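To start, the structure under review is shown below, and the notes come after it.
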Amino acid sequence: MTAVNPEPIPEDLLVPHPRRLSPDHPLHDEIMLAHADAIRHGKSLYRDPDTDLYVMTAVHLWERGYCCYSGCRHCPWIER
């Protein structure tokens, strides 16, 4: 699948908006490590250490090119 948004994601958009993942969340660091590991390995999903559900990475969502309004944790399109 070809990326709709071919530009690389800006670094500041790799950090989820606090409304989607609070910096005070007890597993914040573990979640962010799982996210970074998925990106490093070119994966579009990672297993959430909190819920055990799969979560899309910010890179995947960025390359998709739009917000689907589903409340994705790493949505780079949410107003900052």
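Taking the longest Cα principal axis of the chain as reference, the axis of helix 28-40 is set at about 30 degrees. Each Lys or Arg adds one and each Asp or Glu takes one away; over the other residues whose Cβ falls under 10 Å from the Cβ of residue 5, this sums to -1. Here the Debye sum runs over all C-alpha atoms of region 16-75 as equal scatterers in vacuum, and log10 of I(q)/I(0) at q = 0.12, 0.19 Å⁻¹ comes out as -0.25, -0.65. Partnerless cysteines in the chain, where a partner means another cysteine C-beta under 4.7 angstrom, comprise 67, 68.
Quick note: the coordinates plus some simple rules give every number you see, no bench work behind them. This structure is a prediction, so every number in the text was calculated from the model and none was measured. Neighbour counts are summed over all protein chains in view; Cβ atoms, including those assigned to glycine, are modelled from backbone coordinates with ideal geometry.
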